[in-house]
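Here is the structure we will look at, set down as structure tokens.
The values are calculated or read from the model by the stated rules, or taken from the named source; none is laboratory data. Just so it is clear, the structure is predicted and the values come from calculations on it, not from any experiment. No Cβ is skipped: glycine too gets one built from the backbone with ideal geometry, and neighbour counts run over all protein chains shown. Quick note on the areas: whole protein, heavy atoms, side chains included, nothing else; ligands and nucleic acids left out. Shrake-Rupley method; radii C 1.70, N 1.55, O 1.52, S 1.80 Å.
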Amino acid sequence: MGETLGRRDLLLASGAVLAGTVGAGRAEETPGRLKFMVLGAHPDDPETGCGGTMARLADLGHEVVSAYLTRGEAGIPGTAHDEAARIRMAEAEQACAILGARPLFLGQVDGATEVNATRYDEVRQVLSHEAPDVVFSHWPVDTHRDHRAAALLTYDAWWSLGRPSALYYFEVMAGHQTQAFHPTHFVDIGPTVKRKHEACFAHRSQNVEEWYADDHGRMEVFRGMEALCDVAEAFVHHPQSPEGPGLPPRSS
Ligand SMILES: [Zn+2]
């Protein structure tokens, strides 16, 4: 059974940073304020995978960056890429406002993401510039190639920069997309689940409200059962990254 991240745990995690045990020197102007970055492939991936966690972290005063590898260009059938990107960026910005996150678009193209030396360099520069204390990205075993690309690019940047942050993987549409995912950490999203849903449903072009209950809604309840709370989000911690700040270790 993994532990559930409660408000007290988050505060304790911040305290650990203040004490200099993890991420010392990376805090922003406000002592104990951390930067969390979620790097997803498309507008709606960070929100559906970790929106409840993002809102909880933002509520605690932490900086939360919602990074999108693409602008969702291919996600509205019958709509030109430029127009679809405009619509989906606006939806992402609205979702981020609900969660308390800052949107960041990395400029790749939906459905045609590239993993090569240039793209590795781009994401490494973004990670180096943003210097988050904690990074979340897609779990790499995923049926969607853009999700796999986001995972690989994030992992390479994190590794080549010398593992400067904690690294966690999140899941989306478990079974259909993310596969073979066995969480090490859970976050109780009870306090923020309504806002998470609002943020997800802000992606109106994706009709998220119509399918959410059958995918992420069930995931939230199932992960909550595992974590002994009503609803939870689940993560895999890379064991070669710092334990925390932000999420507690799994207990036996
Ligand atoms: Zn996606």
Order by protection proxy (mean Cβ within 10 Å, highest first), peptides 166-177, 204-215: 166-177, 204-215
Three-way shape label, the range 95-204, alpha-carbon gyration tensor, a/c 1.5: rounded
Compactness of the range 32-188 as Cα Rg over 2.2 N^0.38 Å, two decimals: 0.97
Value of Rg/Rh across the range 167-244 [Cα atoms, Kirkwood radius]: 0.99
The range 172-210 versus the range 137-165: alpha-carbon centroid distance in Å: 19
Exposure ranking of H238, H185 by accessible area [1.4 Å probe, largest first]: H238, H185
Per residue accessible area of the range 112-230, 1.4 Å probe, in Å²: 46
For the range 106-252, share of DSSP beta bridges that run antiparallel, in % to the nearest 5: 60
Residue-wise HN-Hα coupling along the range 226-231, computed from phi with Karplus coefficients 6.51, -1.76, 1.60 (Hz; x: Gly, Pro): 5, 9, 6, 8, 6, 9
Local electrostatic count at A92 - Lys and Arg +1, Asp and Glu -1, tallied over other residues with Cβ under 14 Å: -3
Average Cα contact separation per residue, the range 26-175, under 8 Å, 6 or more apart, as relative contact order %: 27
Solvent-accessible surface ranking, highest first, for W159, W139 at 1.4 angstrom: W159, W139
The range 62-105-the range 219-243 distance, computed between alpha-carbon centres (Å): 25
Amide H contacts of V64 (H built 1.01 Å from N, under 5 Å, at least 5 apart or other chain): F36, R102
Using θ = phi - 60° and Karplus 6.51 cos²θ - 1.76 cosθ + 1.60, couplings along the range 73-83 (whole Hz; Gly, Pro as x): 4, 9, x, 10, x, x, 10, 4, 4, 4, 5
Listed peptides 111-120, 188-197 by packing density, highest first (mean Cβ within 10 Å): 188-197, 111-120
Kirkwood-Stokes translational diffusion coefficient of the range 199-242, alpha-carbon pairs, 4 °C, 1.567 mPa s, µm²/s: 108
